[in-house]
Amino acid sequence: MRLEAKPAPTLAVTLLFPLGAVVVTVVLSSLLVLAAGASPFSVFGLVVKGAAGSPFALVETLTRATPLIFTGLAVAVAFRAKLWNIGAEAQLYAGAVITVVLGTGALPLPALVLIPLLMIVSMVAGGLLLLGPAILKTRFGVDEVVTTLLLNFIMLLFVSMLLEGVLKDPMGLGWPQSQRVVAEARLPRLVQGWRLHAGFLIAVLAAVAVWVVMKKTTLGYEMRAVGQNAEAARFAGIPVNGVLMKTAFLSGGLAALAGFSEVAGLKGNLTLDLSPGFGYTGIVVAMLAMLNPLGVVLAAIFVAGIFVGADAMSRTAGVPSYIAEVMVATALLTMVVAIMLTRFRVRWR
């Protein structure tokens, strides 16, 4: 078997293969549901109802989607330039740490000043964190998949040290958690009494901004060129290493906004379980969106809906909620195959 490059795919082909990936995911997940002794139709119906069957369910889905939009954008930006950022989880925690350090009273500023400042500083922290692996890649040829992946564990251990030390809340009854950020550092709720906060609007605006950068600016063109063929881009005069540095800074900054939004918008403080894997799930979101920044918003809502709906379904149908993780993982694998088949033709010898 060998792969043969196809000419530019038509719009129909571009849409058909991802749709097929979704169908295959549903079929494979249905087999697992049947093995669990339940009806796929009733289970999937309960998932949809749990994700969007009521205003409360829809709000919870959008709340869960907020950090996934940020991490999905971070991965989409990096992967577009073939910078394999697997460390969005570490960058998320970098943004969360900075938000707690500066948002618990260190800066006595009004909300209109403090919140934008926390966003900017969080982005800088996340961007600088990813610059390390980017420098190792461009200067020494070190595989960024390894360095960014290992950085996740280093950052988690660092956060654990902080929560057991200088950031530990003295009023937290011994629990490893930080103090709560001040009211001026909290993002307002979009729906009074429910958990959806302004971070969702910021995430959507970030997606639009990234789309503009990718499609309408010189940097976006250079990122796409480097991602398509770095050697050809270098021959054409594009500073490949400089583009990768800018890409890394932007990608890390977007992932850090996920940590900022979770602390300032939802949790109010920092704990070691702030993220249940938002950084890793962002990879799935980006791939489902085929690295399109606007598609990331829809993909994040879709993935969040699966998780939220599966929790509700599990309580009703008795099927383990882990089926959601299987569905998301299967969707990633089938989407990768779909993307490959849009670009390459399989030839059998």
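When the square roots of the Cα gyration tensor eigenvalues are ordered a ≥ b ≥ c, the ratio a/c for the range 109-188 is 1.5 or more and a/b does not exceed b/c, which makes its shape oblate.
Modelled spin-label separation between residue 39 and residue 112, with each label point placed 7 Å from Cα along the Cα-to-Cβ direction: 5.7 nm. Over the range 243-331, the Kirkwood radius and the radius of gyration, each from Cα atoms, give a ratio Rg/Rh of 1.02. Potential lengthening of the chain between residue 15 and residue 30 amounts to 3.1 nm, from the contour at 0.36 nm per residue minus the alpha-carbon distance.
FRET efficiency for the pair residue 273 and residue 54, taken as 1/(1 + (r/R0)^6) with r the Cβ-Cβ distance and R0 = 25 Å, rounds to 0.40. For residue 322 and residue 229, the difference between the fully extended length at 0.36 nm per residue and the C-alpha to C-alpha distance is 29.6 nm. Starting from the coordinates of the alpha-carbon atoms of the chain, obtain the Kirkwood hydrodynamic radius over all distinct pairs and give the value in Å to one decimal. Result for the chain stands at 21.2 Å. Ordering 16, 107 by accessible surface, largest first, gives 16, 107; the 1.4 Å probe counts only protein heavy atoms, with every chain in place. Rg/Rh for the range 1-108 (Cα atoms only, Rh after Kirkwood) is 1.11.
Suppose R0 equals 30 Å. What FRET efficiency, 1/(1 + (r/R0)^6) with r the Cβ-Cβ distance, do residue 8 and residue 131 give to the nearest 0.05? Using R0 = 30 Å, I get an efficiency of 0.30. With the full set of protein chains in place, find how many percent of the accessible area of the chain is carbon and sulfur; take the probe as 1.4 Å. Solvent-exposed carbon and sulfur of the chain make up 71 percent of the total. Summary value for the range 2-347: 37 percent relative contact order, contacts being C-alpha pairs under 8 angstrom separated by 6+ residues. Gain on full extension, evaluated as 0.36 nm per residue between residue 209 and residue 160 minus their Cα-Cα distance, stands at 14.3 nm. How much accessible surface area, in Å² rounded to 10, belongs to the heavy atoms of residue 247 with a 1.4 Å probe? Probe radius 1.4 Å; accessible area of residue 247 about 0 Å². Could you give each residue of the range 288-303 its phi-based ³J(HN,Hα) in whole Hz, using Karplus coefficients 6.51, -1.76, 1.60 with θ = phi - 60°, and x for Gly or Pro? With the stated coefficients, the range 288-303 comes to 4, 7, 6, 6, 8, x, 6, x, 4, 4, 5, 5, 5, 5, 4, 5 Hz.
The values are calculated or read from the model by the stated rules, or taken from the named source; none is laboratory data. Not measured: the values here are computed from a predicted model. FYI the Cβ positions are ideal-geometry reconstructions off the backbone, even for glycines, and counts take in every protein chain you see. Note: accessible area is taken over every heavy atom of the protein model, side chains too, but ligands, DNA and RNA are not part of it. Shrake-Rupley method; radii C 1.70, N 1.55, O 1.52, S 1.80 Å.
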